[in-house]
1. Go through the cysteines of the chain and tell me which have no other cysteine Cβ under 4.7 Å away.
2. Considering only DSSP beta bridges with both partners in segment 2-221, what is the antiparallel share in %, to the nearest 5?
3. Sort Met72, Met1 so the one with the fewest other Cβ atoms within 10 Å of its own Cβ comes first.
4. Please tell me the relative contact order of the chain in percent, rounded to the nearest whole number, where contacts are Cα pairs under 8 Å and at least six residues apart.
5. Quick one: how many lysine pairs in segment 2-221 have C-alpha atoms under 20 angstrom apart, if they're 8 or more apart or on different chains?
6. Counting only helical runs of four or more DSSP H residues, what would the 222 nm mean residue ellipticity of the chain come to if each run contributes -39,500 (n - 2.57) and the total is spread over all its residues?
7. Per-residue counts of other Cβ atoms within 10 Å, averaged by peptide: what ranking do you get for 112-122, 29-39, highest first?
8. Could you please report the charge total around Thr79, scoring K, R as +1 and D, E as -1 over all other residues with beta-carbon less than 11 angstrom from its beta-carbon?
Amino acid sequence: MKVLLINPPRFHELIGKNPAIVEKHRGFNPPLGILSLAGYLEKHSDHELTVVDAQPEGWNYEEFEEVLRRKMGDVVGITAMTFTLIDVMKTVQLVKRIHPEAIVVLGGPHVHIFPEETINQPGVDFLCQGEGEITFLKLLENLTNYDELERIPGLVFKRNGRIVNTGISPSTQNLDLLGFPARHLVDYRKYTSLLGKNDVITTMFTSRGCPYRCTFCDRPYSPVI
């Protein structure tokens, strides 16, 4: 199966703007969420994987659509952050216009804060709540078996007009089971310091989760660590 994972553009960020001089020179970090997802799929399946990170590319929407036409998958996973939600939904619309039969799956902090609101958005077929690696692979293995899908933790979808929410997926205790992010699926030269574009950098996970419950974060909606 062809699987496309997308980090959408952020033309319409729902946050305050930095001064233009700061925005002009701001770099980008690699999208470790979808790269970790891709790494797990490479380790445990034979699906054909493609990653598109639109944020460091500087594409307009016409260019972005052309890239999606070339790389479209049967299943499309999209990172959903609250502050990029407008661009997330525009990306969903592009995917469905190019390939109406594509299965669109959203993951990320926004979906487990607002699962019902998100699954009701046009074009959204499934949500993955919480850590997505194991949940997403099980979804791919059972796309047409809705009885089995209802038993997989971490999914939200519609069945016979009702919303099915199986809860947030449990945290993975042994990170060695997940493998490494599939960094080879993106151009590492695109990622530079958030403080400037002079030096190539990367980032890494050293742990997962957080014991705190800050009200401005999505952690209060996630499993307790």
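Values in this text are rule-based calculations from the coordinates and carry no lab data. Nothing here was measured: the structure is a model prediction, and the numbers come from that model. Reconstructed Cβ throughout: ideal geometry from the backbone, glycine too, with neighbour counts over all protein chains shown.
1. So, Cys128, Cys210.
2. Once the DSSP bridges in segment 2-221 are tallied, antiparallel ones form about 30 percent.
3. Lowest count first: Met1, Met72.
4. Value for the chain: 25 percent.
5. Count of close lysine pairs: 13.
6. -8000 deg cm²/dmol
7. 29-39, 112-122
8. -1
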